[in-house]
Amino acid sequence: MGAGNKPLRLVFTDLDGSLLDHYSYRFDAALPQLQRLREQGIPLIPVSSKTRSEIEQLRTELDHREPFIAENGAAVFIPQGYFPAQPAATEARDGYWVRRACQGRQHWQALLAQLGDEFAGSFESFAQAGQAGVMRMTGLDEAAAARANEREYSEPLQWRGSESDKRRFIARLEALGARVLQGGRFLAVSGECDKGEALAWLRGSYARAHPGRTIRDLAIGDSGNDRAMLEVAQTALLVRSPVHDFPPLARSSGVIHSTACGPSGWAEGVAHWLETPPQQQQEFA
Ligand SMILES: [Mg+2]
């Protein structure tokens, strides 16, 4: 490998519970390593269940200029002009090249409307609840509730019916082509997409923009919805959580487990990865 052919390193990171503290949403402990990534020109790519609007607010705080992945892999947002050419299968919108992996929110709302009579009174979606209802359901203040409700590819809902009706409801939605994710408090209705598929697609775009360069990527996460991306990256960093165990992974090599939680564990793992000589890291082929 010649000097002009250094590997291109990429960091894909979950936000809540990984870069951001589970309780306070702060990331102070990660600042020195964030600065190090910036100095070394290593792109940091947020990959989150959060909406574009929520991630954009964090990007402003971080002065972040790289691509990001929103709504659990449903969409990849690349600042226009970031790559020499617009990646195939993206649309130019609001200053981004946007690649989406599933149908838009209205599609999922229409499916829910189809089931509205059969399951009347058993659920309330964010769209039905409106701004005040989302504030009540989430406990967020007005601005944060508005950002959380600016979903483009999924519809969250609160289930109020029985467990047996819920199973029947989920089966009906799945038969209609939806995927239903059970979160802590809400069910999210969306399509077949995940963080791993989105990571692989964006990594492919970096590879095409940097022909001949080897890519060495790190995926960072703390919970079940990170598993797909933790499996597909060259190196996986599992960040310890104060509230649950590490998610199980099928892979055994190339995995870093942090000892500290949240952003402290994030910083610990990133430092370890940066300090591991490239020849000791597996190549992504
Ligand atoms: Mg997380």
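From the list Arg65, Arg38, the lone residue that is surrounded by 14 or more Cβ atoms within 10 Å (Cβ to Cβ) and farther than 15 Å from Glu152 by Cα is Arg38.
Looking across Glu39, Glu91, one residue alone is in the same structural domain as Trp273 (by TED's automatic domain parsing) and farther than 24 Å from Asp222 by Cα. It is Glu39.
A single entry from Val239, Val255, Val243 fulfils the requirement of being surrounded by 19 or more Cβ atoms within 10 Å (Cβ to Cβ) and aliphatic (A, V, I, L, M): Val239.
Does the stretch 179-196 contain any residue that is within 15 Å of the ligand (Cβ to nearest atom), modelled with pLDDT under 95 and among the acidic types (Asp, Glu)? Yes, the stretch 179-196 contains at least one residue that is within 15 Å of the ligand (Cβ to nearest atom), modelled with pLDDT under 95 and among the acidic types (Asp, Glu).
The number of residues in the stretch 83-106 being without any contact (Cβ under 8 Å) to a residue 40 or more places away in the chain, at negative phi and either exposed (fewer than 13 other Cβ atoms within 10 Å of the Cβ) or outside any strand (DSSP E or B) (or both) comes to 7. So, of the residues in the stretch 199-212 that are at pLDDT 95 or above and in contact with a helix residue (DSSP H, G or I) (Cβ under 8 Å, 6 or more places away or on another chain), which turns out to be surrounded by the most Cβ atoms within 10 Å (Cβ to Cβ)? Per the stated criteria, the residue is Leu199. Given the criterion within 13 Å of the chain's Cα centre (by Cα) and among the aromatic types (Phe, Trp, Tyr), identify the matching residue among Phe12, Phe27. Phe12 is the lone residue from the list that is within 13 Å of the chain's Cα centre (by Cα) and among the aromatic types (Phe, Trp, Tyr).
The values are calculated or read from the model by the stated rules, or taken from the named source; none is laboratory data. As the structure is a computational prediction, the values presented were derived from the model and not from experiment. Heads up, the Cβs are rebuilt from the backbone with ideal geometry, glycines too, and the neighbour counts pull from every protein chain shown.
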